[in-house]
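Working notes, beginning with the structure itself.
The values are calculated or read from the model by the stated rules, or taken from the named source; none is laboratory data. Everything numeric here is computed off the predicted structure, so don't read it as measured data. A quick note on method: Cβ atoms are made from the backbone with ideal geometry, for glycine too, and the neighbour counts reach across all protein chains shown. Side chains included, ligands, DNA and RNA excluded: accessible areas come from the protein's heavy atoms. Shrake-Rupley method; radii C 1.70, N 1.55, O 1.52, S 1.80 Å.
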Amino acid sequence: MRFDLDEPLIPDDHALHGLVDPATMAALEQEWKAAKVDQWCAVAALRQAAAALRSATGRPNAAPIEFVLTDAEHKATDSNRVRRALTAYHQAATLYEGVRVHLADLRNRATAPDR
């Protein structure tokens, strides 16, 4: 996954001039930039949690996360280390999902005309 922290909220070729007032757009752009940093941090946390989960379950680094999660679910009852790693992964996944939804909401708000 490649991140473009300078990705604009609305690409220039899709500019919707006049639909959203400039003050609102400026506030949305500022919030967008902060959310992009949050996204980068959330993905870093998710990658770290996935690596810890693979280590805790004894799976190789290249193992698909779906297999690691299934294995972790089975091993979590017997291992505190696996249970902690699984919890950390779920928390990181929840954080990432929240950021992803927030970015989508910002994009929707920037493209919707003021009412």
(request) Indicate the helices, whole DSSP H runs only, in the chain that combine a mean Kyte-Doolittle hydropathy of 1.0 or more with a Cα extent along their long axis of 27 angstrom or more. (result) none
(request) Evaluate the charge dipole of region 20-115 about its Cα centre and quote only its size in Debye, nearest 20, assuming +1 on the Cβ of each Lys and Arg and -1 on the Cβ of each Asp and Glu. (result) 360 debye
(request) Grab the other residues whose beta carbon is less than 12 angstrom from that of Asn61, score K and R as +1, D and E as -1, and report the net. (result) +3
(request) Normalising by the residue count of the chain, find the relative contact order in percent from Cα pairs under 8 Å and 6+ residues apart. (result) 39 percent
(request) Provide the per residue accessible area, probe 1.4 Å, for the chain, rounded to a whole number of square angstrom. (result) 66 Å²
(request) Do me a favour and compute the ellipsoid semi-axes for the chain from its Cα gyration tensor, root of five times each eigenvalue, largest one first, whole Å. (result) 39, 13, 10
(request) Could you check how much of the accessible area of the chain is carbon and sulfur, as a whole percent, using a 1.4 Å probe? (result) 56 percent
